[in-house]
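These notes are about the structure you will find just below.
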Amino acid sequence: MTSEIEFTAFFDATPSPYLVLGTDLVIRYVNQAYLQATGRSRSELVGKYFFDALPENPHAPKEAQLNLKASLRRVLETGKPETLVLQRYDIPALQHPGEFEERWWSEIHTPIAGADGRVKWIVQRAEDVTVFVRSRRARALTAGFTEREKGMAAELFARARELHHLNEELRQAHARERQVAVTLQEAMLSAPDLDHHTENIAVRYLPASTSLNVCGDWYDVVDLPPDRYSAAVGDVVGHGLHAAAVMGMLRSALSAVIRTTPSPAQALEVLGLYARSLDGATAATAVKVLIDTRSRLIIYSNAGHPPPVLLHSDDTCELLDQATDPPLGAREHHVPRPQAGLAYNVGDTLVLYTDGLIERRDEDIDASLTRLTTALAQVSSLTPDELADELLTRLGVAKGAPDDIALIVIRL
């Protein structure tokens with residue numbers, strides 16, 4: 001197993017500065033962290049005698065330079081590792097030839113034996129603790145410490161600073177991955193027919209604030225000429241790329257079915273059969289509505305999803321909860337899904353959403369729905385775009401929620 005390890009790759013990936021010396025104290029290898037700590041390039045160090053590549057500061061205390069040389073010599077002679085807990089060793093200033101920068105290090109010299117048992121290499125780990133040594137707070141905290149205790153404090157400082165840098169890199173990677181995920185989600189939620197409804201339909205998608213990955217909530221709008229259109233929202237259980245892939249397949253399938261079978265119940269029947277063949281699609285929820293503008297009728301069917309809300313112009317609300325069935329793929333055998341209709345007036349508003357909009361931990365669903373309808377009654381005069389934003393704000397999720405949110409606001 002160890003023969004398969006690429007040790008140079010291992011050291012290059014290590015955030016601590018490492019250098020490898022031969023018995024002649026010629027530098028044979030340096031990792032990226034060592035180059036960053038010293039401000040040198042690989043060509044300026046590798047193949048050079050250590051004290052030529054990083055010459056001594058003639059103006060520094062002599063014992064500072066002698067300590068490092070003596071430590072390396074003892075390791076060569078004894079074959080035992082050695083630690084310099086708090087060691088000053090200045091390095092030439094890059095921008096000012098002939099001048100030196102004061103540097104303090106916490107160093108460990110570890111010998112590596114050859115086949116004959118004698119020392120062949122010395123591995124130097126050198127943590128730059130200059131900031132710690134110069135810190136007034138550090139000096140105050142370590143007043144009265146022995147040299148060994150100060151060295152241990154410096155080592156802890158180096159480890160804490162390394163952890164801070166790693167956390168910052170993680171945060172940056174998190175932000176990049178999240179942006180890529182959101183962009184992917186937005187691309188998957190593309191609904192070209194929405195372009196025909198810029199005045200009367202607003203959609204929103206908010207990714208879960210606690211998730212790095214794309215999630216399973218979705219929305220869709222499909223035109224059914226000459227005088228009908230449909231809207232749908234759905235939710236796939238779970239997060240991550242698999243949930244997003246399942247979401248994309250279910251959304252595409254439902255969008256295709258409704259174009260050929262303009263019945264919400266029949267469309268969800270077909271989607272339920274399809275869901276049973278998809279790993280991860282069982283227990284997904286969806287609600288489908290068909291809006292007939294000629295007869296001013298909403299026809300809908302619901303597969304285990306929170307009910308849409310019809311907000312009337314007099315600020316009263318009706319839940320579309322008369323055609324609710326189990327989630328997709330939940331039944332072992334096929335059973336026709338229910339369908340219901342509800343009349344609307346011009347100027348009413350239909351709101352479809354996923355559970356992230358309303359559900360709160362340790363709260364009954366009825367209380368969540370009451371909060372939603374109360375908020376809607378207070379914003380009925382707003383345009384769909386304004387209403388969508390204000391609703392998110394009033395429900396306390398404008399900046400995200402533990403679960404992702406899909407929202408459609410339709411002015412009928």
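Quick check, is residue 300 touching a helix residue (DSSP H, G or I) at 6+ places or on another chain (Cβ under 9 Å), aromatic (Phe, Trp, Tyr), in a helix (DSSP H, G or I) and without any contact (Cβ under 8 Å) to a residue 60 or more places away in the chain?
On the way: touching a helix residue (DSSP H, G or I) at 6+ places or on another chain (Cβ under 9 Å): yes; aromatic (Phe, Trp, Tyr): yes; in a helix (DSSP H, G or I): no; without any contact (Cβ under 8 Å) to a residue 60 or more places away in the chain: yes.
For residue 300, the condition - touching a helix residue (DSSP H, G or I) at 6+ places or on another chain (Cβ under 9 Å), aromatic (Phe, Trp, Tyr), in a helix (DSSP H, G or I) and without any contact (Cβ under 8 Å) to a residue 60 or more places away in the chain - is not met.
Here is a yes/no grid of residues against (1) out of contact with any strand residue (DSSP E or B) (no Cβ under 6 Å at 6 or more places or on another chain); (2) buried (at least 16 other Cβ atoms within 10 Å of the Cβ); (3) touching a residue at least 12 places away in the same chain (Cβ under 8 Å):
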| position | (1), (2), (3) |
| --- | --- |
| 365 | yes, no, yes |
| 374 | yes, no, no |
| 381 | yes, no, no |
| 384 | no, yes, yes |
| 394 | yes, yes, yes |
| 404 | no, yes, yes |
| 408 | no, yes, yes |
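Report, by residue number, each residue of the stretch 89-119 that is in a loop (DSSP other than H, G, I, E, B), charged (D, E, K, R) and open to solvent by less than 60 Å² (accessible area, probe 1.4 Å).
Within the stretch 89-119, the subset in a loop (DSSP other than H, G, I, E, B) is 89-90, 93-99, 102-103, 114-118.
Subset that is charged (D, E, K, R): 90, 99, 102-103, 116, 118.
Correct list: 90, 103.
How about the stretch 19-34: which of its residues are over 17 Å from residue 73 (Cα atoms) and open to solvent by less than 20 Å² (accessible area, probe 1.4 Å)?
Across the stretch 19-34, the qualifying residues are 30, 31, 33, 34.
Among the residues of the stretch 177-204 satisfying the criterion of being open to solvent by less than 60 Å² (accessible area, probe 1.4 Å) and under 19 Å from residue 256 (Cα atoms), which is modelled with the lowest pLDDT?
188
Within the set of pairs 6 or more residues apart or between chains, which connect a residue that is without any contact (Cβ under 8 Å) to a residue 24 or more places away in the chain and more than 19 Å from residue 228 (Cβ to Cβ) inside the stretch 272-297 to a residue that is among the small types (Gly, Ala, Ser) and open to solvent by 10 Å² or more (accessible area, probe 1.4 Å) with Cβ atoms less than 9 Å apart?
Matching pairs, first to second residue: 277/329.
Residue by residue, here is whether (1) open to solvent by less than 20 Å² (accessible area, probe 1.4 Å); (2) in a helix (DSSP H, G or I) holds:
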residue	(1), (2)
223	no, no
226	no, no
231	yes, no
236	yes, no
242	no, yes
245	no, yes
253	no, yes
268	yes, yes
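Note down all Cβ pairs under 6 Å where the first residue falls in the stretch 311-337 and is under 23 Å from residue 281 (Cβ atoms), the second is of a type in the set (Ser, Thr, Tyr) and open to solvent by 40 Å² or more (accessible area, probe 1.4 Å), and they're at least six residues apart or on different chains.
From the stretch 311-337, the pairs are 329/282.
So residue 73 passes all but one of these: (1) open to solvent by 50 Å² or more (accessible area, probe 1.4 Å); (2) under 14 Å from residue 122 (Cβ atoms); (3) touching a residue at least 12 places away in the same chain (Cβ under 8 Å). Which condition number does it fail?
(3)
Filter the stretch 310-346 down to residues that are in contact with a Ser or Thr (Cβ under 6 Å, 6 or more places away or on another chain) and either at pLDDT 90 or above or charged (D, E, K, R) (or both) and give me whichever is farthest from residue 216 (Cα to Cα). So that I can check it myself, show each step before the final result.
Taking the stretch 310-346 first, the residues in contact with a Ser or Thr (Cβ under 6 Å, 6 or more places away or on another chain) are 311, 315, 317, 323, 327, 329, 337, 339.
Cutting the leftovers down to either at pLDDT 90 or above or charged (D, E, K, R) (or both) gives us 311, 315, 317, 323, 327, 337, 339.
Working: 311: 27, 315: 32, 317: 28, 323: 23, 327: 14, 337: 23, 339: 25 Å.
Among those residues, the one meeting the criterion is 315.
Would you please name the residue that is nearest to the chain's Cα centre (by Cα), looking only at residues in the stretch 270-281 that are crowded, with 17+ Cβ neighbours inside 10 Å and part of a loop (DSSP other than H, G, I, E, B)?
The selected residue is 280.
Going by the structure shown, is residue 286 surrounded by 18 or more Cβ atoms within 10 Å (Cβ to Cβ), among the aliphatic types (A, V, I, L, M) and in contact with a Phe, Trp or Tyr (Cβ under 7 Å, 6 or more places away or on another chain)?
No, not satisfied.
The values are calculated or read from the model by the stated rules, or taken from the named source; none is laboratory data. The model shown is predicted, which means the values in this text are computed figures rather than measured ones. Please note: Cβ atoms are built from the backbone with ideal geometry, for glycine as well, and neighbour counts cover all protein chains shown. Areas reflect the complete protein model, heavy atoms only, side chains present, ligands, DNA and RNA absent. Shrake-Rupley method; radii C 1.70, N 1.55, O 1.52, S 1.80 Å.
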